[in-house]
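Trainee: Shown below is the structure under consideration.
The values are calculated or read from the model by the stated rules, or taken from the named source; none is laboratory data. Model, not experiment: these values are computed from the prediction. Cβ placement follows ideal geometry from the backbone for every residue including glycine, while neighbour counts extend to all protein chains displayed. These area figures cover heavy atoms from the full protein model, side chains too; ligands, DNA and RNA do not enter into them. Shrake-Rupley method; radii C 1.70, N 1.55, O 1.52, S 1.80 Å.
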Amino acid sequence: DVRHRRRLLEVKPGNPGLWQVKGRSRTTFDNMVRLDVEYATSWSLWLDIKILLKTPMAVFAGDGAY
């Protein structure tokens, strides 16, 4: 799928993405790809800061974790 290739080419590995703080394991693969492409198209330093600030809360809350 074109979206999947776009996700691989545009999203940099290593940083938490939108799906890690918005859905985690509750989200479908297609939704995960959609969130990654959304992140790539709307990237900004402020977006990265917001994601990094939300990450500890998502991890410690365990919401969406197996």
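Trainee: Round to the nearest 10 and give me the degree value, 0 to 90, for the angle of helix 45-61's Cα axis relative to the longest principal axis of the chain.
Mentor: That works out to roughly 40 degrees.
Trainee: Suppose all protein chains stay in the model; what accessible area per residue would a 1.4 Å probe give for the chain, in Å²?
Mentor: Working: 4830 Å² over 66 residues.
Accessible area per residue: 73 Å².
Trainee: Which value in nm describes the separation of the simple spin-label points at Asp30 and Ala61, placed 7 Å from the Cα toward the beta carbon?
Mentor: Roughly 2.6 nm, to one decimal.
Trainee: As I understand it, the value is the acute angle between the Cα axis of helix 29-41 and the longest principal axis of the Cα atoms of the chain; what does it come to in degrees, rounded to 10?
Mentor: 80 degrees
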